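Take a look at the structure below.
The values are calculated or read from the model by the stated rules, or taken from the named source; none is laboratory data. Quantities reported herein were computed from a predicted structural model and do not represent experimental measurements. All Cβ positions, glycine included, derive from the backbone under ideal geometry; neighbour counts span all protein chains shown. Surface areas here come from the heavy atoms of the whole protein model, side chains and all, with no ligands, DNA or RNA. Shrake-Rupley method; radii C 1.70, N 1.55, O 1.52, S 1.80 Å.
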Amino acid sequence: MRPLNAQIRLENLRHNYRILKNIHGGKLLAVVKADAYGHGAVRCAHALADMADGFAVASVEEAVQLREHGIENPILLLGGVFEAGEYRPADHYRLWPAVCSQWQLEALLHHQWQQPVKVWLKMDSGMHRSGFFPHNYAAAYTALKQSQNIESIVKFSHFSCADEVDDAMTAMQMEAFDSGCGGLEGEESLANSAAMLRYPAARRDWGRAGIALYGACPLGHADSRLKPVMRLSTRVFGERVLQPHSPVGYGAAFYTEKSTRVGLIACGYADGYPRHAPSGTPVAIGSHRSRVIGRVSMDMMTVELDVSQEGIGSEVELWGDTVNVNEVAKAAGTIAYELLCHVKRAKFTYYE
Ligand SMILES: *Cc1c(COP(=O)(O)O)cnc(C)c1O
């Protein structure tokens, strides 16, 4: 069997939820959209079900999958519905729709609700992707408030730059949010992972934790409070010694400087490993850190073996405990989110 393994440590997921809930203070939604950032939504939701204040997903389909697997916790549709007809399953499965635009608002008010619904009303506080502008927000809020079908309204917004060093944009968005909400009663939610770690003022009634829940610090380094949930590993299945000045792999993009032992490992870009990871991207062979050399191929890639006991059969960690996923993301010019979401063809094993 091909030895590419994604180990999912559910105890680490539970640990991260506890830590983040503690940091945020209020209630905390566990964001499990995109199959729990590639970790497996059903398994992750079950692992958190007894502690999570709720879950958040990107579509009715993702929410229904959780309900059909016995998840009873509240579930938020982060972007709301995509068509008016989706309010029927939202009603039936007791989902919380976000309302991010005028048509969603009107369709929601038209729907014949079987039970009162909790609604998350989104403000566009400056990201300019979705939500009501601050000057239109109170009107949208009031329209919902007047409906018999609305149980309660959570006021929320999303930051564009909470993970960036410069905090001016986040400060501006918080100001816009607070002034747009002026006087409107009800719960609030602003913080994604980065904001709950960095901005105490963004910690309101509800946090929405995604990436940090999976143990990847959104600020791009390792955070010792968080434990990586996924460990992606494979094995060396080929080995050769190359003379100095030998090219390795597609495009002859890497030349050895010295006599080099090269290991061939079973992982490539068809598994979700980033093809743009250059020579030098870290891997760990046993507990020893080494590096990718040559281009990443579809099904395999090459690494430097520089300890004599390393060779065929040696285990190689692509990311996990020794190599932080952020290091690989940075080397490849992307973010941990993308790497975690893209893992495929690996054998997923869940550890309670
Ligand atoms: C995905 C998402 C989150 C989670 O963001 P992280 O950076 O992964 O914590 C929070 N809020 C909204 C609206 C989202 O779409």
Worksheet item: What is the spin-label model distance, in nm, from Arg88 to Val42 if the labels are put 7 Å beyond Cα along the C-beta direction?
Response: 2.5 nm
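Per residue, how much accessible surface does the range 230-351 expose to a 1.4 Å probe? Answer in Å², no decimals. Don't jump to the answer; show the numbers that get you there.
On the way: 5650 Å² over 122 residues.
I get 46 Å² per residue for the range 230-351.
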Worksheet entry | Cα pair distances of the chain binned at 10 Å [whole percent] | 5, 23, 27, 21, 13, 7, 2, 0
Worksheet entry | Share of alpha-carbon pairs per 10 Å distance bin for the range 208-352, given as whole % | 12, 43, 33, 11, 2, 0
Worksheet item: Using θ = phi - 60° and the Karplus curve 6.51 cos²θ - 1.76 cosθ + 1.60, what whole-Hz ³J(HN,Hα) does each residue of the range 181-196 get, with Gly and Pro shown as x?
Response: 8, x, x, 7, 7, x, 6, 9, 8, 10, 8, 7, 4, 4, 5, 5
Worksheet item: Gain in length, Phe133 to Gln115, computed as 0.36 nm per residue apart minus the alpha-carbon separation, to one decimal in nm?
Response: 3.6 nm
Fill in: Evaluated at q = 0.12, 0.21 Å⁻¹: base-10 log I(q)/I(0), Debye formula over Cα of the range 158-218
-0.28, -0.80
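Ranked highest first by average number of other Cβ atoms within 10 Å, how do 236-245, 134-143 line up?
Top to bottom by mean Cβ count within 10 Å: 134-143, 236-245.
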Discussion item. Restricting to DSSP H runs of at least four residues, report the calculated mean residue ellipticity at 222 nm for the chain, -39500 (n - 2.57) per run over all residues, nearest 500 deg cm²/dmol.
Written reply: -8000 deg cm²/dmol
Item to complete: Express the carbon and sulfur contribution to the solvent-accessible surface of the chain as a percent, rounded to the nearest whole number, probe 1.4 angstrom.
Response: 52 percent
Worksheet item: So which aspartates and glutamates can Lys155 reach, going by Cα to Cα under 13 Å and dropping same-chain residues fewer than 8 places off?
Response: Asp124, Asp178, Glu185, Glu187, Glu188, Asp205
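Using a 1.4 angstrom probe, figure out how much accessible area the range 1-50 has per residue, in square angstrom, rounded to the nearest whole.
37 Å²
When DSSP assigns beta bridges and you keep just the ones with both residues in the chain, what percent turn out antiparallel, to the nearest 5?
For the chain, the DSSP antiparallel bridge percentage is about 50.
Using DSSP to define loop residues, name the trypsin sites (Lys or Arg not before Pro) in the range 11-92 whose beta-carbon has at most 11 other beta-carbon atoms within 10 Å.
Passing both the DSSP loop test and the Cβ count: no residue.
Set the Förster distance to 35 Å, then compute FRET efficiency between Glu68 and His15 from the Cβ-Cβ distance, nearest 0.05.
Details: r = 28 Å, r/R0 = 0.79.
Calculated value: 0.80.
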Worksheet, complete the sentence: To the nearest Å², the heavy-atom accessible area per residue of the range 152-212 with 1.4 Å probe amounts to 37 Å²
